[in-house]
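Working notes, beginning with the structure itself.
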Amino acid sequence: MADTYRKTRAFAPQGFFECEGKGLEWLGEAQSQGGPRVVHVYGWGRDHLDIERIRPCEPTVQAAFDFGAALARMHDAGAPYFGSAPAGYDGTCYFGPLQDPVPMDTGTWTDVATYLAEGRLRPMVQMGIERSSLRPADMDLTQEVIDALPRLLGRAAEDKPARVHGDLWSGNVMYTKGHDGKVQAVLIDPAAHGGHREEDLAMLHLFGMRYLSDITAGYQSVHPLKAGYEERTTLWQLYPIVGHCVFFGGGYVSQYRQMCRSLLA
């Protein structure tokens, strides 16, 4: 076996590492269609996942552009439905940090608005209420956003299910040098599922990402986004931010409320 990194957690939820391993393999299938490099999986068990060890390096403008183009091709590889689990996996999917992942609903939604409302926003807000980080009034506020989804989604509602990483903040995009010495992006730690392509792009914006404009330019060169995608960034950030309300509480609660109100303004 090549240089291996073992990701571990004692008493991990049932299927946690299998879901991540199969998610990585599913995303990696798109490499044959020009998708991004995805960390190689060697195997998994109840409490661990064995993957290749990545030697990080500094990103470059060209590598960022190439990553954006490859990300579009990975999304174009598609999924059967909005809410699809990774191919070959029929257990519980998860979203969140290693120490406190929560179930992420899977399903066979065929339209974007129902997927976002029933598969993402409502379940996560309910978890926040159950953990006392959110209040019932936050579900009422979320319902107002859900009612406004036809307007907020615009032409993005026409998109087909994409093969998305699902947790694509900057920490889950590593840069390394390939065998040819060229810098390339490598994806790690997904919450892979059938989703909307703008989810991943919005996550890249959430906590900052170097050369983000170059990533976007690369993406647009392969798959031009629907008009108004910039204005939808906040909409697609609602799920990860309300997830942070569940995991961490604190300032994320007021941030989530402000984001909802800004969408309704």
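Compute the separation of the alpha-carbon centres of segment 162-211 and segment 75-147 and state it in Å as a whole number.
Taking the Cα centre of segment 75-147 as reference, the centre of segment 162-211 is 20 Å away.
Could you state how much accessible area TYR211 has, in square angstrom rounded to the nearest 10, with a 1.4 Å probe and all protein chains kept in place?
Estimated to the nearest 10 Å², TYR211 gives 80 Å².
State in Å² the accessible area per residue of the chain; use a 1.4 Å probe, count heavy atoms of protein chains only, and round to the nearest integer. Each step should come with its number before you reach the end.
Numbers: 11570 Å² over 265 residues.
That works out to 44 Å² for each residue.
Count charges around ALA85 for me, please; just the other residues with Cβ under 15 Å from its Cβ, Lys/Arg as +1, Asp/Glu as -1. List each step's numbers first, then the result.
Details: positive: LYS22, ARG120, ARG163; negative: GLU18, GLU20, GLU25, GLU29, ASP90, ASP105, ASP167.
Computed value for this residue: -4.
Quick one: pull the percent of accessible area on segment 155-249 belonging to carbon and sulfur, 1.4 Å probe, ligands and nucleic acids left out. Mind dumping the intermediate values first?
Values: 1820 of 3570 Å².
Answer for segment 155-249 is 51 percent, counting heavy atoms of protein chains only.
Pop a pseudo-label 7 angstrom from the Cα along the beta-carbon direction at both THR4 and GLU130 and give the gap in nm to one decimal.
It is 3.5 nm.
Using each residue's phi in segment 102-119, evaluate 6.51 cos²θ - 1.76 cosθ + 1.60 at θ = phi - 60° and report the 3J(HN,Hα) Karplus result to the nearest Hz, with x for Gly and Pro.
Values, residue by residue: 10, x, 10, 4, 10, x, 10, 6, 10, 10, 5, 5, 5, 4, 5, 6, 8, x Hz.
Angle, helix 233-248 long axis vs. longest principal axis of the chain, Cα atoms, 0 to 90°, nearest 10?
Roughly 90 degrees, rounded to the nearest 10.
Which percent of the accessible heavy-atom area of segment 1-70 goes to carbon and sulfur, probe 1.4 angstrom? Write out the running numbers ahead of the final one.
Details: 1780 of 3520 Å².
C and S fraction of accessible area: 51 percent.
The values are calculated or read from the model by the stated rules, or taken from the named source; none is laboratory data. What you see is a predicted model, and the numbers here were worked out from it, not measured in a lab. Quick reminder, even Gly has a Cβ in these numbers, built from the backbone with ideal geometry, and neighbours come from all protein chains shown. Calculation scope for accessible area: heavy atoms of the full protein, side chains included, ligands and nucleic acids excluded. Shrake-Rupley method; radii C 1.70, N 1.55, O 1.52, S 1.80 Å.
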